[in-house]
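Comments concern the structure below.
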């Protein structure tokens, strides 16, 4: 099954929900209006459909391999990555000053989705490099920026994020990797890091590791963690990679999914042969990023960029799974339709339950895409809008949405890809049909870059309780404005969506009050419902954006002489999808509210010894 980028839906969201032509009025984005977005997305679609997508199954069946410290990627990956870098795709959203194209995140996010739909395993390498670039731009010294930014932005080199250690998963207070200061201002790094995506590979001339470590004498806990840049090859003043640093890949993991992506165990300062350790003694040379003991603060810059990107991965894998299932359903002949519309057996897309599954997959995917697109637009406004207050409001909105984009989009990707297997029936359980790969690949998305519970903790603590729910309620006010617009319409679809949206918003506000009022007094009660709160909030945000889509689609259909050129059938499909989401998905919100507010005690009622 080939991949076809959903350009109509992406461009609809970019134009009508994210308002790209308004973004193009902001300083620095003047050339990034709708015409630019369309041209970039069309070229990105061509590249991913023709070059990357054919590698998806190949990567699953012929994963990366490790031998004697070296990793060989899937056949075809190295050449595809070369084309990716030469096409300028790595630098799409990054500053022109360092060789990037400086386009808005609103455009870049759609391109990231296409790359991940084409091959989740392949896309992980650029994803981590984006985070490395963000960290350097924010906290790197001028010297480090001068040496490392251009090769990273161009894709000539790649970046990694090194947090996790065997004894320290999400609890970074337990990090033991140490950094010993040297007379020349560098540090020697010693320790082991696990789960390092693309920590070793053969696709680029250098790999730039960003490593959390403790300087000798640093405070205990997270306050004593610093961030270091540790290159695979030491970079000379001429900017060229030279001697091999004392960091080696001692193994790669064997995984359930994303098999082509090498997940490395890296050993720093183990006196690896043929490295600088042969002449200078053990210890990987590292360069402090920013100030000592502020490493976690800087690493969160990478993590926030990565968390949003992982949410987009959830949307991407959902889209690929949906396309695969829809194509199969239109081809597979099985049983007579219950309404007798076809005499004899028909393709399974005639059966109501198959239609229900496909509509669920489609609605989740389009809702999450719209939510992520609007979040990207808020990010762009938060960074480039000339008005300080507008920047502040958009920053708060974006930060509220990040755990939802990451948590909700990835959680629903598990349901979508599972439904993709179900649509195939028994054939879905057979690897040769390809449906199972999406299910396996999606399973990591709710785990890495912070599990769903960690995203929910962020939503509860930093995004809701900290300001007493003010940001959440301000967003609810915007949802209410959309309800009012729906109420002015005469169509049955608009009225039905208004009803469900209103009930979901009211449930959300009641949960916000519960969270804001009880986080300190009854933390167990609040955090027992933290993930359901995230799912309720994500459901509402996605449903809200589909409600906005319905309004736009109705307006465009009512004025067929509009100059946007949208296909009427596509617009009618947008309305039908929004109605389905409201009826079948958004309608779950009040029940989730009840579970959170009234069901907290039953979560912790069973004594520990009873498990």
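Since every read-out is calculated from the coordinates, none of them should be taken as a lab result. None of the values given here were measured: they were computed from a predicted structure. Positions of Cβ are backbone-derived with ideal geometry, glycine not excepted, and every protein chain shown enters the neighbour counts.
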### Query
For region 461-512, what is the largest minus smallest coordinate of the Cα atoms on each principal axis, given in angstrom and ordered from greatest to least?
41, 15, 11
### Task
Enter the angle in degrees (range 0 to 90, nearest 10) between the Cα long axis of helix 530-558 and the first principal axis of the Cα atoms of the chain, meaning the one along which they spread out most.
60
### Message
Using just the Cα positions, wrap region 158-293 in a convex hull and report its mean projected area in square nanometres, one decimal place.
### Response
8.6
### Task
Could you list the square roots of 5 times each eigenvalue of the Cα gyration tensor of region 313-379, that is, the equivalent ellipsoid semi-axes, sorted largest first and rounded to whole Å?
33, 11, 6
### Summary
In degrees, nearest 10, the alpha-carbon axis of helix 388-424 is tilted away from the dominant principal axis of the alpha carbons of the chain by 70
### Query
Which of the peptides 191-199, 474-482, 419-427 is most tightly packed, and how do the rest follow, judged by the mean count of other Cβ atoms within 10 Å per residue?
191-199, 419-427, 474-482
### Message
Quick check: convex hull over the Cα atoms of region 247-305, volume per residue in Å³, rounded to an integer?
### Response
128
### Query
Based on the Kirkwood radius over alpha-carbon pairs, what value in µm²/s does the Stokes-Einstein equation return for the translational diffusion coefficient of region 1-102 at 4 °C and 1.567 mPa s?
81
### Summary
Rounded to the nearest 10, the angle in degrees between the Cα long axis of helix 568-584 and the longest principal axis of the Cα atoms of the chain comes to 90
### Task
Would you kindly give the portion of the calculated P(r) for region 145-226 that falls above 20 Å, as a percent of all Cα pairs?
42
## Note on the structure
region 216-369 -> Rg/Rh from Cα coords, Kirkwood Rh, value 1.26
### Message
How large is the translational diffusion coefficient of region 377-479 in µm² per second when you combine the Kirkwood radius over alpha carbon pairs with Stokes-Einstein at 20 °C and 1.002 mPa s?
### Response
135
### Task
For the chain, just the Cα set please: Rg and Dmax, both in angstrom.
24.6, 85
#### Entry: Estimated inter-spin distance, residue 72 and residue 145, nm [label 7 Å along Cα→Cβ]
4.2
#### Entry: For q = 0.13, 0.16, 0.20 Å⁻¹, Debye-computed log10 I/I(0) when each Cα of region 18-174 counts as one equal scatterer
-0.71, -1.01, -1.31
### Message
If I take all pairs of Cα atoms in region 99-191, what percentage of them are more than 14 Å from each other?
### Response
76
### region 452-604: Rg to Rh, with Rh as the Kirkwood radius over Cα pairs
1.07
### Query
Binning every alpha carbon pair distance of region 530-578 at 5 Å from zero, what are the percents per bin?
5, 22, 22, 17, 12, 9, 7, 5, 2, 0
